[in-house]
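The structure appears right after this line, and notes come after that.
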Amino acid sequence: MQLVNIKNLTREELEDFVTNIGEPVYRAQQIWDWIYRKHVLSFADMNNLPQGLRERMAEKAFISWPRLLKRQKAKDTIKYLLQLQDGQGIETVLLRYKAWHSLCLSTQVGCAMGCKFCASTRKGKVRDLSGAEMLDQVLFVQRELSHQGDKPITRLVLMGIGEPLDNYDNVIRFVHTAHDPAGINIGFRRITLSTCGLVPGIMKLSQEGIPVNLAVSLHAPNNGLRDKIMPINKRYPLEELLPACQKYTARIGRRITFEYTLISGINDTIRHAEELTRLLADFPCHINIIPLNPIAECNYKPSSPATTANFVKFLQTWGMSVTQRREMGQSITAACGQLRLLRGGGKKRQ
Ligand code: SAH
């Protein structure tokens with residue numbers, strides 16, 4: 001019999017699981033509490049459950065836990081390379097701000113989207129992560145923080161390795177569990193999902209009833225250029241992507257963020273800034289300008305500070321809401337997928 005990874009069950013499914021083995025439903029709440037609030041690693045440690053139940057749970061289910069392969073600290077980030085049960089490596093990055101901790105987590109091993117500047121996709125997609133494997137990233141880091149008496153993680157960004165909307169069902173399952181007030185308890189509005197622009201996924205998410213923040217990786221103000229640096233644009237060009245974004249905004253009632261990574265000589269001239277301003281005029285959105293993290297596999301270079309400043313200033317002058325992401329983690333190869341690639345991960349291709 002295949003053991004169930006307990007973190008792949010929603011709360012309702014765990015209740016069914018527990019009642020199916022003849023236990024009262026409140027046992028599910030106790031187990032949930034042990035896993036998501038007390039971070040125990042085995043049923044044997046759940047000491048308010050009867051011994052018999054602990055044993056029966058261990059016969060039918062298991063609690064996954066990743067293995068730490070590497071931890072890299074920089075001033076305001078800690079990057080974890082974690083090994084999953086099948087030996088695959090994934091990255092998760094803790095972003096330390098003064099008032100809160102945010103965790104940037106992976107949703108797939110590798111990525112199938114093929115963006116030119118991104119390390120995660122160089123060797124294609126190996127597989128999707130399960131909801132449990134996404135939760136494991138949060139719980140692993142959360143456990144470490146609580147052992148140090150540090151503040152908890154209160155924000156999540158799905159911006160690590162992988163395309164979350166290409167792993168839709170597992171991501172939704174993960175979001176529900178991460179949100180559950182009786183467990184990890186992170187509000188939907190404190191969860192940001194970043195996509196390269198999978199239009200059907202955006203449309204579906206707008207109907208899901210979970211008002212998470214949406215970030216869309218734009219990186220180019222026209223189809224010609226976007227086709228070149230983000231192949232997904234050939235499937236879902238701007239004339240389909242932008243209306244989907246507008247629909248999401250209308251549905252959720254909050255602005256979405258467009259991410260725009262400045263690449264020297266490619267998308268960073270004033271002409272591009274003008275085009276971007278025209279493209280997003282009348283669209284209640286926010287633009288996040290990201291410095292390029294150069295990767296060995298691609299010869300794109302980051303824009304100079306002067307070019308970056310001019311680009312940002314142009315957008316501001318035209319009334320756009322813009323922020324410039326501080327350069328977190330470059331010293332620890334925090335660009336998506338770099339640590340995993342350095343380790344030689346993702347050998348299979350899909
Ligand atoms: N697949 C999702 C989420 C993961 S990537 C997406 O595309 O949005 C998270 C963000 O990092 C995206 O905006 C992505 O375009 C950007 N990114 C990827 N590689 C980068 C690099 N080398 N330098 C700067 N930003 C990068």
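Restricting attention to region 22-64, which residues are surrounded by 19 or more Cβ atoms within 10 Å (Cβ to Cβ) and in a helix (DSSP H, G or I)?
Arg27, Ala28, Ile31, Trp32, Trp34, Ile35, Tyr36, Phe43, Met57 - these are the residues of region 22-64 that are surrounded by 19 or more Cβ atoms within 10 Å (Cβ to Cβ) and in a helix (DSSP H, G or I).
I'd like the residue in region 287-322 that is in contact (Cβ under 8 Å) with a residue 12 or more places away in the chain and among the hydroxyl-bearing types (Ser, Thr, Tyr) and, out of all such residues, is surrounded by the most Cβ atoms within 10 Å (Cβ to Cβ).
Across region 287-322, the extreme among qualifying residues is Ser303.
For region 275-286, name all the residues that are open to solvent by 20 Å² or more (accessible area, probe 1.4 Å), outside any loop (DSSP other than H, G, I, E, B) and not acidic (Asp, Glu). Don't jump to the end; show me each part of the working.
Residues of region 275-286 open to solvent by 20 Å² or more (accessible area, probe 1.4 Å): 275, 278-279, 281-282, 284, 286.
After this cut, where a residue has to be outside any loop (DSSP other than H, G, I, E, B) as well, the list is 275, 278-279, 286.
Matches in region 275-286: Arg278, Leu279, His286.
Condition first: among the polar types (S, T, N, Q), open to solvent by 20 Å² or more (accessible area, probe 1.4 Å) and within 16 Å of the ligand (Cβ to nearest atom). Now tell me which residues in region 147-205 satisfy that. First the steps, then the outcome.
Of the residues in region 147-205, the ones among the polar types (S, T, N, Q) are 148, 154, 167, 170, 177, 185, 192, 194-195.
When the remaining residues are screened for being open to solvent by 20 Å² or more (accessible area, probe 1.4 Å), the result is 148, 154, 170, 185, 192.
Selection gives Asn170, Thr192.
Counting just the residues of region 213-228 that are buried (at least 20 other Cβ atoms within 10 Å of the Cβ) and near the ligand (Cβ under 9 Å from one of its atoms), which one comes out farthest from Leu292 (Cα to Cα)?
Result: Val216.
Checking Thr307 against (1) within 13 Å of the ligand (Cβ to nearest atom); (2) of a type outside the set (A, V, I, L, M, F, W, C); (3) not in a loop (DSSP other than H, G, I, E, B), only one condition comes out false. Which one?
So Thr307 meets the others, but not (1).
Every residue in region 287-302 that is part of a strand (DSSP E or B) and either more than 10 Å from the ligand (Cβ to nearest atom) or out of contact with any strand residue (DSSP E or B) (no Cβ under 6 Å at 6 or more places or on another chain) (or both), please.
So the first thing to find is which residues in region 287-302 are part of a strand (DSSP E or B), and the list is 287-291, 302.
Passing the criteria: Ile287, Ile289.
With assigned to a helix (DSSP H, G or I), among the hydrophobic types (A, V, I, L, M, F, W, C) and touching a residue at least 24 places away in the same chain (Cβ under 8 Å) as the only criterion, which of Leu262, Leu241 stands out? Working first, answer last.
Working: Leu262 fails: assigned to a helix (DSSP H, G or I).
The conditions single out Leu241.
For residues in region 75-125 being farther than 17 Å from Met159 by Cβ, away from the ligand (no atom under 14 Å from the Cβ) and of a type outside the set (Lys, Arg), which is most open to solvent (accessible area, probe 1.4 Å)?
Gln85
The values are calculated or read from the model by the stated rules, or taken from the named source; none is laboratory data. All values reported here derive from a predicted model rather than from experimental measurement. Reconstructed Cβ throughout: ideal geometry from the backbone, glycine too, with neighbour counts over all protein chains shown. SASA here: full protein model, heavy atoms, side chains in, ligands and nucleic acids out. Shrake-Rupley method; radii C 1.70, N 1.55, O 1.52, S 1.80 Å.
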